[in-house]
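Remarks on the structure that follows.
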Amino acid sequence: MLYAAEHQDELLRACATVEGDIASANAAIRKAFDVDVIQADAILTMQVRRFTPEAIQQLRVELSDVEAVLSP
């Protein structure tokens with residue numbers, strides 16, 4: 001989600017090229033970001049408010065916290 005939020009233009013371009021249903025949008029996002037089906041679904045369900053600079057910074061903090069917990 002952080003990568004998608006940081007690359008808004010690319011995300012919107014991928015979605016703008018879709019002619020079809022949500023499955024088509026999912027496929028376009030998978031191709032654009034090299035992610036799996038579940039990750040593409042998560043990106044598709046992101047709210048626009050996640051694209052503000054403050055929200056992006058919060059995502060960075062959350063990711064850092066999770067990585068700190070998972071790292072030995």
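The values are calculated or read from the model by the stated rules, or taken from the named source; none is laboratory data. Predicted model only: the values in this text are computed from it and were never measured. Glycine gets a Cβ as well: all are built from the backbone with ideal geometry, and neighbour counts include every protein chain shown. Surface areas here come from the heavy atoms of the whole protein model, side chains and all, with no ligands, DNA or RNA. Shrake-Rupley method; radii C 1.70, N 1.55, O 1.52, S 1.80 Å.
Counting only residues that are hydrophobic (A, V, I, L, M, F, W, C) and in a loop (DSSP other than H, G, I, E, B), which one in region 26-72 is surrounded by the most Cβ atoms within 10 Å (Cβ to Cβ)?
Filtering first and then ranking leaves Val35.
Could you list, in sequence order, the residues of region 27-37 that are within 11 Å of the chain's Cα centre (by Cα) and either over 20 Å from Leu63 (Cβ atoms) or aliphatic (A, V, I, L, M) (or both)?
Residues satisfying the conditions are Ile29, Arg30, Ala32, Val35.
May I ask you to verify whether Ala5 is touching a residue at least 40 places away in the same chain (Cβ under 8 Å), on the phi < 0 side of the Ramachandran plot and surrounded by 15 or more Cβ atoms within 10 Å (Cβ to Cβ)?
So Ala5 passes the test.
So, in region 28-72, how many residues would count as being without any contact (Cβ under 8 Å) to a residue 12 or more places away in the chain and not polar (S, T, N, Q)?
19
If you scan region 1-26, which residues turn out to be out of contact with any helix residue (DSSP H, G or I) (no Cβ under 7 Å at 6 or more places or on another chain) and either modelled with pLDDT of 95 or more or closer than 16 Å to Leu59 by Cα (or both)?
His7
Residues of region 8-21 being within 23 Å of Ala55 (Cβ to Cβ) and open to solvent by 80 Å² or more (accessible area, probe 1.4 Å), which ones?
Asp9, Leu12, Arg13, Ala16, listed by residue number.
Going through Ile22, Ile29 one at a time, which residue ends up being hydrophobic (A, V, I, L, M, F, W, C) and within 14 Å of Met1 (Cα to Cα)?
It is Ile29.
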